[in-house]
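The values are calculated or read from the model by the stated rules, or taken from the named source; none is laboratory data. All values reported here derive from a predicted model rather than from experimental measurement. Because the Cβ atoms are built from the backbone with ideal geometry, glycine has one as well, and the counts that use them run over all protein chains shown. SASA here: full protein model, heavy atoms, side chains in, ligands and nucleic acids out. Shrake-Rupley method; radii C 1.70, N 1.55, O 1.52, S 1.80 Å.
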Amino acid sequence: MKSPNEMVRINNSIKVLDLLINKEMSRVDIAEETGLTKTTIGDIVKNFLNIGFIEEVKVSPNGVGRPSINLKIVKDFVHVIGVGILRDRVNGCLIDSSGEVLYNVDYPYIEGNPQINIVYKAIDELMRKAELTNRKVEVISFGVPGPLDTEKGIIKEPPKLPEFANFPLIKKIKEKYNVFACLGNDADMGAIGEKYYGKGKNLDSFIYILYDKGIGAGIIIDNHLYRGVNGYAGEIGQTIIVKNNKMKYFEDEYGIDLIVKKIEDKILKPVKDIEYVSHLSEYQKEMDEVINKVTKQFSIIILSLIHYFGISSIFIGGKGKYLGKSFLEKINETVKRYLFHKQETSIVYSDVDEPVISLGAAKYGLIEFLKELIQEKI
């Protein structure tokens, strides 16, 4: 067990790591950002240099003067695989320590083939690509639909993903690949992906909504992921709505798969998937009837998020974008009309698409791995 002084050093070190994981900085800039003394920063930086995951770089002045020294993450210190376990497929990526994306893979589930085999297939392919370029993978991290036991690395009973019920994912991965491994909620990983690879780069606080068969929100507040006391913050798919005097979960009525089913029932014609909706312009009236009901209920959820958290920037990811431009416009109109405090809001589609979850998982895994290294060395 760490002493109180050691815990202070670890917490201070993690503050510095949180800054350097975003950008290269000087010691002076880090001290100003964190409020820590120059001596404390010097000790932390010395430890980081000894571990080997940061390096010093000279920065030439624009005008007259001596070059300054910045600190940045060593690009090839560690390589990380991020995996998004989605409800219809698995996507994955390989990144280096700087966060640069080196490779991507994407595999749909195959009927009759256990879904965990598709997960292994994605990892094996990324491992193969890493080996071919003399890179060693030391971390595998996952974004998975909840509920999860993140401490034990167990997927509990995710709706619409029954093959992974009570599945000890991290134990299996450590046994098979002998790496550091961790997992997080898919919407949370989507928010991290949006933060580092999408429109959230320059925002301190925002909400990322994963709209698919399952629906959840990842909440970033002051550049940190907010999970809540029990780790279940943002489970907006479990918002209660009332239909025919019965209480139902929002995603059990308006998940993307159920929207497709409602459109099929309206037009009396099979709809391949939500992406196919744009090809059914002759049924626009019928589709609008379905989508307008979704829009009303979803607008209420977004309004509640803004009122609860005071966050004005919302990104809608997953397959929500296939509901179209009108869906987004009507949500913005409704939010503007009923917003209690008339602040400026921005509700837009994410442009990172489905890989956002694997990207976020990879970045999350990188950070968790470095945190563990710091704790081991203090």
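Observations, loosely collected:
- Listed residues Gly255, Ala233, Phe298: farthest to the positive end of the dipole of region 185-308 (Cβ charges): Phe298
- The residues packed around Lys15, meaning those with a beta-carbon under 14 Å from its beta-carbon, carry a net charge of -3 if Lys and Arg are +1 and Asp and Glu are -1.
- Label point 7 Å beyond Cα of Asn178 along Cβ direction - residues of region 115-130 with amide nitrogen under 17 Å: 124, 127-128
- Selection of trypsin sites (Lys or Arg not before Pro), region 58-111, meeting DSSP coil and at most 15 other Cβ within 10 Å: Lys75
- For region 191-265, alpha-carbon Rg and Dmax in angstrom: 15.0, 44
- Simple Cβ-charge dipole of the chain, Lys/Arg +1 and Asp/Glu -1, about Cα centre, in debye nearest 20: 340
- Relative contact order of the chain, pairs being alpha-carbon contacts under 8 Å that are 6 or more residues apart, as %: 17
- Magnitude of the charge dipole, region 305-373, Cβ model with Lys/Arg +1 and Asp/Glu -1, debye to 20: 320
- FRET efficiency, Gln297 to Glu157 (Cβ-Cβ, R0 25 Å, nearest 0.05): 0.55
- For the chain: rounded, prolate or oblate by the Cα gyration tensor [a/c cutoff 1.5]: prolate
- Entry note, the chain: the mean residue ellipticity at 222 nm calculated from DSSP H runs of n ≥ 4, each adding -39500 (n - 2.57), is -13500 deg cm²/dmol after division by the residues and rounding to the nearest 500.
- Taking every full run of DSSP H in the chain, none both stretches at least 27 Å from end to end by Cα along its long axis and averages 1.6 or higher on the Kyte-Doolittle scale.
- Dipole-positive endmost among Asn202, Ile192, Phe142 within region 66-203 (Cβ charges, Cα centre): Asn202
- Solvent exposure of region 114-272 amounts to 49 Å² per residue of accessible area, where only protein heavy atoms count and the probe is 1.4 Å.
- Of the cross-linked pairs Lys121/Lys371; Lys46/Lys371; Lys213/Lys321; Lys213/Lys319; Lys15/Lys371; Lys46/Lys377, those separated by over 19 Å at the C-alpha level are Lys121/Lys371.
- Eigen-decomposition of the gyration tensor built on the alpha-carbon atoms of region 311-375 gives equivalent ellipsoid semi-axes of 33, 17, 6 angstrom, largest listed first.
- Restricting the calculation to Cα atoms, region 284-344 yields a radius of gyration followed by a Dmax of 12.0, 36 Å.
- Amide proton proximity set for Ile154, modelled H, under 5 Å, gap of 5+: Asp149
- The distance linking region 209-263 with region 27-73 is 42 Å (Cα centroid to Cα centroid, whole angstrom).
- Normalised by the number of residues in region 91-217, the mean separation of alpha-carbon contacts (under 8 Å, six or more apart) gives a relative contact order of 17 percent.
- Site pair Leu102 and Ile378 shows an inter-label distance of 2.9 nm when each label is modelled 7 Å from Cα along Cα→Cβ.
- Cβ-based charge dipole, the chain, positive-most Cα from Asn223, Phe167, Gly310: Gly310
- Note on Asp149/Asp288: beta-carbon distance plugged into 1/(1 + (r/R0)^6) with R0 of 51 Å gives a FRET efficiency of 0.75.
- Relative contact order (%) - region 241-378, alpha-carbon pairs under 8 angstrom, separation at least six: 20
- Modelled spin labels at Lys325 and Ser281, positioned 7 Å past Cα toward Cβ, are 1.2 nm from each other.
- Among the trypsin sites (Lys or Arg not before Pro) in region 132-211, those located in a DSSP loop and surrounded by at most 12 other Cβ atoms within 10 Å of their own Cβ are Lys136, Lys152, Lys201.
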